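Some notes on the structure that comes next.
The values are calculated or read from the model by the stated rules, or taken from the named source; none is laboratory data. Predicted, not measured: the structure shown is a model, and the values here were computed from it. All Cβ positions, even for glycine, are placed from backbone atoms using ideal geometry, and neighbour counts span all protein chains on display. Ligands, DNA and RNA are excluded from the accessible area calculation, which covers all protein heavy atoms including side chains. Shrake-Rupley method; radii C 1.70, N 1.55, O 1.52, S 1.80 Å.
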Amino acid sequence: MAHGKRYNEASAKIEFGRLYEPKEATSLARETSIAKFDPTVEAHIRLGVDPRHADQMVRGTVVLPHGTGKKQRIAVFAQGEKAREAREAGADEVGGDDLAKKIEGGWFDFDVALATPDMMGTVGKLGKVLGPRGLMPNPKSNTVTFDLARAIKDVQAGRVEYRVDRTGIVHSVIGKASFSEEQLLENFSALMESVIKAKPAVAKGVYVRSVYLCGTMSPSVAVDPQAASRLTVA
């Protein structure tokens with residue numbers, strides 16, 4: 001695939017075949033982000049698991065210390081006092097059956113969906129439309145809860161949800177290219193620590209197989225997976 005001049009110039013700064021230490025990799029990911037807007041920086045982590053087996057599914061949530069750099073739009077399924085709590089906490093859209101019908105009609109102007117447990121009968125009917133978009137509330141990701149104020153606060157503070165895809169790779173935002181090197185590294189550390197803790201008990205062999213960082217539309221930087229696995233939040 002042919003790339004433009006800016007991409008090729010950025011790619012030339014990355015040594016092919018080299019596995020970079022996390023600190024240098026985050027610095028390079030910022031330096032080689034070529035988009036004219038403020039690009040998102042992502043981590044792509046290939047794990048030694050087989051997601052076809054339920055006991056090897058890796059998923060979780062992590063609050064990035066410095067947020068994602070993006071305001072998250074939050075939709076909440078709640079009623080009564082909990083609906084009021086969600087609105088006061090800053091949810092962008094709150095409702096029950098009315099919200100479900102709006103989504104069934106093709107409205108998806110939100111990044112995160114939360115729900116109280118008593119609303120899951122309504123939310124469950126939306127599985128076919130929310131599931132493929134990664135928007136389905138789930139107790140394992142703390143998006144089904146009666147503590148809506150806390151959940152909304154966490155999302156606004158930079159909580160991200162990750163889930164291994166069918167090829168065994170976790171894809172997650174770790175910030176923006178405008179973040180400092182230290183901010184990106186700390187966010188990356190928080191993500192890696194969470195992914196390591198989510199390792200299935202049945203996973204055998206090498207767990208973290210490869211790690212890459214890259215900005216939107218930019219070349220990727222290979223990170224030493226062993227060094228990345230040792231990262232912890234200070």
Original post:
If A113 passes every condition in (1) assigned to a strand (DSSP E or B); (2) out of contact with any Pro (no Cβ under 6 Å at 6 or more places or on another chain) but one, which one does it miss?
Top reply: (2)
Subject >> Checklist (1) open to solvent by 40 Å² or more (accessible area, probe 1.4 Å); (2) β-branched (V, I, T); (3) in a helix (DSSP H, G or I); (4) closer than 30 Å to E85 by Cα applied to I152, failing item >> reply: (1)
**OP:** Look through segment 1-42, keep the residues that are among the polar types (S, T, N, Q) and part of a helix (DSSP H, G or I), and return whichever of them is least open to solvent (accessible area, probe 1.4 Å).
**Re:** T26
Original post:
Do we have any residue at all in segment 187-210 that's surrounded by fewer than 18 Cβ atoms within 10 Å (Cβ to Cβ), of a type in the set (D, E, K, R), part of a helix (DSSP H, G or I) and out of contact with any helix residue (DSSP H, G or I) (no Cβ under 7 Å at 6 or more places or on another chain)?
Top reply: yes
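Return the only residue of V76, V94 being touching a Ser or Thr at 6+ places or on another chain (Cβ under 9 Å) and either farther than 22 Å from H171 by Cα or open to solvent by 60 Å² or more (accessible area, probe 1.4 Å) (or both). Walk me through how you get there before you give the answer.
On the way: V94 fails: touching a Ser or Thr at 6+ places or on another chain (Cβ under 9 Å).
Going through V76, V94 in turn, the sole match is V76.
Buried (at least 20 other Cβ atoms within 10 Å of the Cβ), touching a helix residue (DSSP H, G or I) at 6+ places or on another chain (Cβ under 6 Å) and at positive phi: does that describe G158?
Numbers: buried (at least 20 other Cβ atoms within 10 Å of the Cβ): yes; touching a helix residue (DSSP H, G or I) at 6+ places or on another chain (Cβ under 6 Å): no; at positive phi: yes.
For G158, the condition - buried (at least 20 other Cβ atoms within 10 Å of the Cβ), touching a helix residue (DSSP H, G or I) at 6+ places or on another chain (Cβ under 6 Å) and at positive phi - is not met.
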